[in-house]
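Undergrad: Would you mind keeping the following structure in view while I ask a few things?
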């Protein structure tokens, strides 16, 4: 059941980020073309900002979920697989701690920004700031999953996952 949920979340995030990027590109491009002809499209700035916030945080979780985040692991890859696993475990624990803090303070920021409104969209600015705790909450769930994977690797002593990564 968890794997089905994981596949659903990956598919949902992929569609969400793709649609958001298309909306962002179309909005900014259309605003630039219309500005050339003297037509003001002031809503494009607010819409682009709102879309960019959501695409950034949901896209960050999508990248983390698929292990596509940029990393510098030239030194770590020289260590034995058990040490590589330990380093990853420590990193994911630090990431989880940071994500929990961001979610906590992000929720407070949403509450503070609830009275602030976009000038042209006539919605609360909390819709943009909510992208931070939502995206970081999703990344925290992904970090917990990675922590469990690292612990299982340690318990079983099976580091074949890292061997496959070294070959690829």
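Undergrad: Determine the pairs where a residue that is in a loop (DSSP other than H, G, I, E, B), located within the stretch 64-75, has a partner that is modelled with pLDDT of 80 or more and surrounded by 10 or more Cβ atoms within 10 Å (Cβ to Cβ) with Cβ atoms under 6 Å apart, the partner being 6 or more residues away or on another chain.
TA: Pairs found: 69/63.
Undergrad: Next question, about the same structure. Only one of 86, 96, 138 is touching a helix residue (DSSP H, G or I) at 6+ places or on another chain (Cβ under 9 Å), surrounded by 14 or more Cβ atoms within 10 Å (Cβ to Cβ), over 19 Å from residue 51 (Cβ atoms) and modelled with pLDDT of 95 or more; which? Steps first, please.
TA: Details: 86 fails: modelled with pLDDT of 95 or more; 138 fails: over 19 Å from residue 51 (Cβ atoms).
The match here is 96.
The values are calculated or read from the model by the stated rules, or taken from the named source; none is laboratory data. Not measured: the values here are computed from a predicted model. Reconstructed Cβ throughout: ideal geometry from the backbone, glycine too, with neighbour counts over all protein chains shown.
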